[in-house]
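Below: one structure, written as structure tokens.
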Amino acid sequence: MFTAVLAGCGSMSRGWLSALAEHPLLRGRVAIVGLVDLDTSMASERAAEFGLSEAIVGNNLDQVLSQTKPDLMFDVVTPAARADVVTTGLRHGCHVLSEKPMAASLEAARTLLAAAKAAGRLHAVIQNRRFIAGVRRIRRLLDSGALGELTSLNCDFFIGAHFGGFREDMDNVLLLDMAIHTLDAARFMAGKAPRAVYCLETNPRGSWYRHGAAANAIFEFDDDVVFNFRGSWCAEGANTSWEGSWRITGSRGTLLWDGADQFDANVVAGDSGFLRELAPIEVPLPLEADETHGHASVIADFLEAIETGRQPETAGPDNIKSLAMVFAAIESARFRQRVIIPN
């Protein structure tokens, strides 16, 4: 069994602790030996809520890590605190699994990659949207070639989300705190590298966020594949799912996905007529059911990577490519010009 300290005991920590305690993929695999938060009452509240009476509770991460000497650290702090928290965990010899985004800047992300490499430890990110059935099914369909050659991915994400708290005061809140999920999913589904972006970022009238609650971005991927993202976190009246609403087009047909359970995929079945005859096709099921449990699947993949010595799917060296998409979009929006995405 692994031992772990959880840093950051706000509302998001409930999802982590629930998955560790309740999900069959994780039950009995990790013992939480410490809970850390600047507000110790929050850490104490989580300890009581999840029956962690033997866990050390504190507000000094260094001290708790020194006392507990855990195998792992789970980083659930705010993005602004992430770099210091992750480097502290690595310095204590922990493998670290972080909330997204990986870092508050690309420079900070590169520093974390170097720190993890120097420490000989894994650092990965909770990109839990990769580990849902819909995303896995789409990747299998595209890999099969059933739609022909991929030409475009298009996603609409419109939700009126009233979080309160730190998000409402963030810069670039949609791109930095939420769009990372959609951008990472698009990169995974396409299986291609992003090369450039043009983005318009706005804060619409009536927004309850301070900055950047909406964005429209055109990403250029390898092989002339285009990914169009339209999103808003202050769009009331007709919410999409949290996964967005997708249209994915290939040279032979199109897939529609509502972000939940509805798929509609059709390919050309005729060779005449103004509009060609279409035939429906099935979207294959995921290869492994264990890959489709979101949060729990990410953590399970991380634990298995430690046990086997491989890189987890959402390891820092891969996840920084999705983060680069985010910061390139932010830069494009700031300067109103096309921006090259660094490799």
(request) Select the strands (runs of 3 or more DSSP E) contained entirely in the range 63-157, then report the ones holding at least 3 residues which are closer than 26 Å to E288 by Cα, modelled with pLDDT of 95 or more and of a type outside the set (F, W, Y). (result) 95-98, 123-125
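Given the options G10, G15, name the one that is part of a loop (DSSP other than H, G, I, E, B), in contact (Cβ under 8 Å) with a residue 60 or more places away in the chain, surrounded by fewer than 22 Cβ atoms within 10 Å (Cβ to Cβ) and under 23 Å from the mean Cα position of the chain (by Cα).
After applying the criteria, what remains is G10.
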(request) Exactly one condition in (1) under 14 Å from V326 (Cβ atoms); (2) modelled with pLDDT of 95 or more is not met by I180; state its number. (result) (2)
(message) Looking only at the range 44-62, count every residue that is over 27 Å from H23 (Cβ atoms) and either assigned to a loop (DSSP other than H, G, I, E, B) or in contact with a Pro (Cβ under 8 Å, 6 or more places away or on another chain) (or both) and tell me the total.
(response) 2
(request) Would you check if there is a residue in the range 204-219 being crowded, with 21+ Cβ neighbours inside 10 Å, over 24 Å from I126 (Cβ atoms) and at pLDDT 95 or above? (result) yes
(request) Would you check if A185 is crowded, with 24+ Cβ neighbours inside 10 Å, over 15 Å from V326 (Cβ atoms), in contact with a helix residue (DSSP H, G or I) (Cβ under 7 Å, 6 or more places away or on another chain) and of a type in the set (G, A, S)? (result) no
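This table checks each residue for (1) in contact (Cβ under 8 Å) with a residue 60 or more places away in the chain; (2) out of contact with any strand residue (DSSP E or B) (no Cβ under 7 Å at 6 or more places or on another chain); (3) not basic (K, R).
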position	(1), (2), (3)
M178	no, yes, yes
K192	no, no, no
V197	yes, no, yes
L200	yes, no, yes
G259	yes, no, yes
Q262	no, yes, yes
V267	yes, no, yes
G270	no, yes, yes
(request) Kindly indicate whether V77 is crowded, with 21+ Cβ neighbours inside 10 Å, closer than 26 Å to M325 by Cα, without any contact (Cβ under 8 Å) to a residue 40 or more places away in the chain and outside the structural domain of D171 (by TED's automatic domain parsing). (result) no
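Yes/no matrix, rows are residues, columns are (1) crowded, with 20+ Cβ neighbours inside 10 Å; (2) assigned by TED's automatic domain parsing to the domain that holds F327; (3) of a type in the set (F, W, Y); (4) over 27 Å from G15 (Cα atoms):
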{"site": "R82", "(1), (2), (3), (4)": "yes, no, no, no"}
{"site": "A104", "(1), (2), (3), (4)": "no, no, no, no"}
{"site": "L113", "(1), (2), (3), (4)": "no, no, no, no"}
{"site": "G134", "(1), (2), (3), (4)": "yes, yes, no, no"}
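Let's see how each residue does on (1) crowded, with 17+ Cβ neighbours inside 10 Å; (2) assigned to a loop (DSSP other than H, G, I, E, B); (3) assigned by TED's automatic domain parsing to the domain that holds A190:
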| site | (1), (2), (3) |
| --- | --- |
| E243 | yes, yes, yes |
| D271 | no, yes, yes |
| A296 | yes, no, no |
| A305 | yes, no, no |
| F327 | yes, no, yes |
(request) Only one of these is assigned to a helix (DSSP H, G or I) and either at pLDDT 95 or above or more than 20 Å from the chain's Cα centre (by Cα) (or both): A196, A186. Name it. (result) A186
(request) Kindly indicate which of G294, G316, G309 is over 18 Å from L20 (Cβ atoms) and within 19 Å of the chain's Cα centre (by Cα). (result) G316
(message) Just to be sure before I move on: is A213 in contact with a strand residue (DSSP E or B) (Cβ under 8 Å, 6 or more places away or on another chain) and within 13 Å of A324 (Cα to Cα) in the structure I sent?
(response) no
(message) Against the definition (assigned by TED's automatic domain parsing to the domain that holds L174 and without any contact (Cβ under 8 Å) to a residue 60 or more places away in the chain), how does L255 come out, yes or no?
(response) no
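The values are calculated or read from the model by the stated rules, or taken from the named source; none is laboratory data. These figures come from a predicted structure and were not determined experimentally. With ideal geometry, Cβ positions are generated from the backbone for all residues, glycine too; neighbour counts draw on all protein chains shown.
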